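The values are calculated or read from the model by the stated rules, or taken from the named source; none is laboratory data. Since this is a predicted model, take the numbers as computed values, not measurements. Cβ placement follows ideal geometry from the backbone for every residue including glycine, while neighbour counts extend to all protein chains displayed. When the accessible area is computed, the model is the full protein with side chains, heavy atoms only, and any ligands, DNA or RNA have been set aside. Shrake-Rupley method; radii C 1.70, N 1.55, O 1.52, S 1.80 Å.
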Amino acid sequence: MKAVIMAGGEGSRLRPLTCSQPKPMVPIINRPCMEHIVNLLAQHQIYDIAVTLQYLPEKVQEYFGDGSRFGVKLHYFVEEKPLGTAGSVKNAEDFLDETFIVISGDAVTDCDLDQAVRFHKEKGALATLVLTVVPCPLEYGVVVTEKDGRITRFLEKPGWSEVFSDQVNTGIYILEPEVLDFIKRGKMVDFSKDLYPLLLAARKPLYGYVTQRYWCDIGNVGEYLRAHCDLLERKAGVAFPGREVSFGVWIGEGGEVSPEAELIPPVVLGDGCVVSSGARVGPFTVLGKRVRIASGASVKRSVVWDDVWIGEGAVLRGAVVGKAASIQAGASLFEGAVVGDRSVVGEKSVVKSGVKIWPEKWIEKGAKVQASLVWGHCVRASLFGSRGVRGDLNVEVGPEVACRLGMAAGSAVDLPARFALSTDGSPGALMLKQGLLSGLMATGVKVIELGNLPVPVHRYAVRALELQGGVYVCCQEKVKACIRFFNPLGIDYHRGEQRKVEAIFLREEYRRVGSDEVSGPEYLPDLSYAYLKHLLGFLEQDTIKKARLKVVVDYNPTCLGTLLPAFFESLGSEMVTFALPHQFPRSFGEMLKSAEFFGEVVRNQGASFGAVLDAGAEELVLVDEEGRIVPQELLISLLSFIILSENPKAIVALPVTASGSVEEIARVWGGKIRRTKVAPWELMQVLHDEEVRDSQKRYPQFLIFGDAVATLGVIMDYIARKRKAISQIIREIPVFATAQKEVEVSWEEKGRVIRRLAESTQGREVELIDGVKIYHPKGWTLVLPDADEPVCRIYSEGFDQEIAESLTEFYGRKIKELCRESQEKGRK
């Protein structure tokens, strides 16, 4: 049997470890990662091996030669230009004349390839993917299979709401030569993104074989260190170089260990290592060849490459040190720190957690390095949540992070580019704005400063000024900061745009323009009036003026102090205000409490209705003329009723969580409901669809969504034209009972729980637009993994409240039960 090792990986997320070598050459237990793969193939009597190369191919060829040193025969196929995973294998087509294995040269595994091949042949598969189960599948290609292993769906790096399985693609494939007929020669073709979906659509026999053996993708420094710990714990059958001199201690040829030194297993010392008296090495530590550890030094849970000097009293904790680097006396490296090849860390210097030092740098004596040298440092593995980048102000999200985010966002767009920048006016947001401004300017982006604005005005400005994007900064719930990014349509960055920024942020590869290309910011602080004019163009101002409406409004004047009074004045309506400055923006729960408080004021004032607006003017709590709070589910139905009744046969886009009452409303008015994912960018994207916009001539939905002021205007316009009170309109809306609940589910268990839940719903109608929506005879339940918190949210609807609540409780218990099973399985 033949095999193909894909060894063209650049390993950008492992930098600076891959600055001068391809990812397959990164050492794992003192041997290149690819060497472990070659040994695995040889163990399974696979000796004829093709190797596909692209990045620094000579490094692989120089080390492995013709393969005879390893008992195999290697054939190299070098790509002149990147061809993708499948395209690179197509490049070796003439070599592949029988069933063959494709395996990545930059992962660690002891997969039983014989068993996988037997499975492939038993199933009569055209292609078999070796799968493994992982606790957090977000960064992998998720594969959904039937019980017999037949593949039904692929999801490449899904969001939590798309995680329908915890089975992921390992990059190990058993293929028939006929597969190559589906790959165009010389074209960029990826197995997961291109070829397998094509074969699936053609109903070709694709199967997934789930290996129980060890597999780890060394995609980043954390995974690289984890792989070493796993191997040292003997979780995989990988051979170690050297001799096991005592339990868990391997020492290579020529190694010298002082009797006064302490080696704490498990630990591996390469050939020629010297450990001086008083030094402590281990546990979970690997030293490369010719590493010298001075007296009093301490190295734990670290990987040290060849020819490194670690000085007297130096301390390493969870660090990686590249070839020929020098860690001088008294220096300290902490968890996740990486020192590149031939760099010097000066005496008593401190390299903080997560900091990366690029090759051939010199850290001066006594320095405290808190950011990566040259490129900046990465503070979080995952940046974006459901609404931008969010975290504790000045802890997780501080000015230095804001600056790097600005550089990442600026680097992600082509020049020339202009970006809007505004805030909610809170002190924390103003602080972060300066960091973002610096970062954007450093990449050559022209920044248009808009001052303190509500979010809808910011969105409008991005569109109206035809900008390439925008950034909005706000603070939430006292200590939380939020940085949001908007595309040219004024829509929050979707998943693809987020990942582009995140990749640049994590790789720390920012565009830096010359001093003559840095452009100062331009100030446009009065766009609220342009927005107001735009909004009023959708309303019948004269009709509203004649109605002489009175509205009780609770809002924060920091952003809305100019806009909202002008809005009511333009409509000839009276605004009874509760405009009190708030030190911190209010949560939605606090807004509800405020609405309860002034419900009596609405009645006593004889007002048309009341409303509480959040600081960013995106959310609204509605109170009818009788002082009763209109629940959010009912508010969505009310707005849908208004749009559909004024636009017969309209298409209305709503998230999967919206009540089924909207379906009834659409049926009455001959309209359609288009369900979307819950993420705001998903809904907003659909609202800008030409078919949806053309169907909504009056009260277009794109105007209302995420805009509390526009929502006020539409409600005022409608009740003025129809001469009806809000409570009267609500009585025309079919009502379904709803219930909600959240259940704690750890990040590690989310994928497994959602997969098990989806599997347990066989026989019922299930919808997988976002999360898992299960239909019952008298209602439905949606289980939605949260993108920001370790919880699953349960939404239920029924013909009455008892049904809705019973469905919610049932699935709440079901999720807890699945969590317990998962935990018990983990303990075993």
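Structural remarks
- Restricting the stretch 168-193 to residues that are part of a helix (DSSP H, G or I) and aromatic (Phe, Trp, Tyr), the residue that is least open to solvent (accessible area, probe 1.4 Å): 191
- Members of the stretch 792-805 that are part of a strand (DSSP E or B) and open to solvent by 10 Å² or more (accessible area, probe 1.4 Å): 793, 795
Table: residues versus (1) under 22 Å from residue 476 (Cβ atoms); (2) in contact with a Cys (Cβ under 8 Å, 6 or more places away or on another chain); (3) outside any loop (DSSP other than H, G, I, E, B).
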residue: 513; (1), (2), (3): no, no, no
residue: 516; (1), (2), (3): no, no, yes
residue: 532; (1), (2), (3): no, no, yes
residue: 544; (1), (2), (3): no, no, yes
residue: 551; (1), (2), (3): no, no, yes
residue: 568; (1), (2), (3): no, no, yes
residue: 586; (1), (2), (3): yes, no, no
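- Boolean, residue 744 is surrounded by fewer than 14 Cβ atoms within 10 Å (Cβ to Cβ), without any contact (Cβ under 8 Å) to a residue 24 or more places away in the chain and not hydroxyl-bearing (Ser, Thr, Tyr): no
- Restricting 4, 38, 89 to residues that are in a helix (DSSP H, G or I), in contact with a Ser or Thr (Cβ under 7 Å, 6 or more places away or on another chain) and surrounded by 16 or more Cβ atoms within 10 Å (Cβ to Cβ) narrows the list to 89.
- Candidates in the stretch 491-539 are the residues that are of a type in the set (D, E, K, R) and touching a strand residue (DSSP E or B) at 6+ places or on another chain (Cβ under 9 Å); of these, the one that is surrounded by the most Cβ atoms within 10 Å (Cβ to Cβ) is 492.
- Pair list, Cβ under 8 Å, 6 or more apart: the stretch 28-48 residue more than 11 Å from residue 238 (Cα to Cα), other residue among the hydroxyl-bearing types (Ser, Thr, Tyr): 32/63; 41/47
- Hey, residue 579 out of contact with any Lys or Arg (no Cβ under 9 Å at 6 or more places or on another chain), more than 27 Å from residue 732 (Cα to Cα) and at pLDDT 90 or above or not: no
- Scan of the stretch 310-334 for residues that are more than 21 Å from residue 221 (Cα to Cα) and surrounded by fewer than 19 Cβ atoms within 10 Å (Cβ to Cβ), ordered by number: 312, 329
- Subset of the stretch 398-414 [touching a Lys or Arg at 6+ places or on another chain (Cβ under 8 Å) and either closer than 13 Å to residue 468 by Cβ or charged (D, E, K, R) (or both)]: 410, 411, 412
- Filtered residues of the stretch 478-523 (kept if in contact (Cβ under 8 Å) with a residue 12 or more places away in the chain, among the acidic types (Asp, Glu), over 24 Å from residue 685 (Cβ atoms) and out of contact with any Asp or Glu (no Cβ under 9 Å at 6 or more places or on another chain)): 508, 509, 517
A quick yes/no check of all residues on (1) in a helix (DSSP H, G or I); (2) farther than 21 Å from residue 512 by Cβ; (3) among the acidic types (Asp, Glu); (4) open to solvent by 10 Å² or more (accessible area, probe 1.4 Å):
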{"position": "430", "(1), (2), (3), (4)": "yes, yes, no, yes"}
{"position": "438", "(1), (2), (3), (4)": "yes, no, no, yes"}
{"position": "447", "(1), (2), (3), (4)": "no, no, no, no"}
{"position": "450", "(1), (2), (3), (4)": "no, yes, no, no"}
{"position": "462", "(1), (2), (3), (4)": "yes, yes, no, no"}
{"position": "467", "(1), (2), (3), (4)": "no, yes, no, no"}
{"position": "473", "(1), (2), (3), (4)": "no, yes, no, no"}
{"position": "485", "(1), (2), (3), (4)": "no, no, no, no"}
{"position": "489", "(1), (2), (3), (4)": "no, yes, no, yes"}
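- When 229, 216 are checked against the criterion of being in contact (Cβ under 8 Å) with a residue 60 or more places away in the chain and in a strand (DSSP E or B), 216 stands alone in meeting it.
- Single residue of 808, 781 found to be in contact with a helix residue (DSSP H, G or I) (Cβ under 9 Å, 6 or more places away or on another chain) and crowded, with 16+ Cβ neighbours inside 10 Å: 781
- Residue within the stretch 652-663 that is over 30 Å from residue 564 (Cβ atoms), in contact (Cβ under 8 Å) with a residue 24 or more places away in the chain, assigned to a loop (DSSP other than H, G, I, E, B) and more than 34 Å from the chain's Cα centre (by Cα) present: no
- From the list 223, 244, the one residue that fits, being part of a strand (DSSP E or B) and open to solvent by 10 Å² or more (accessible area, probe 1.4 Å), is 244.
- The residue list 759, 691, 732 contains one member that is at pLDDT 90 or above, open to solvent by 20 Å² or more (accessible area, probe 1.4 Å) and under 30 Å from residue 496 (Cα atoms), which is 691.
- Filtered residues of the stretch 753-778 (kept if part of a strand (DSSP E or B) and either in contact (Cβ under 8 Å) with a residue 40 or more places away in the chain or under 19 Å from residue 136 (Cβ atoms) (or both)): 767, 772, 773
- Test for residue 268: is it in contact with a strand residue (DSSP E or B) (Cβ under 7 Å, 6 or more places away or on another chain), assigned to a strand (DSSP E or B) and buried (at least 18 other Cβ atoms within 10 Å of the Cβ): yes
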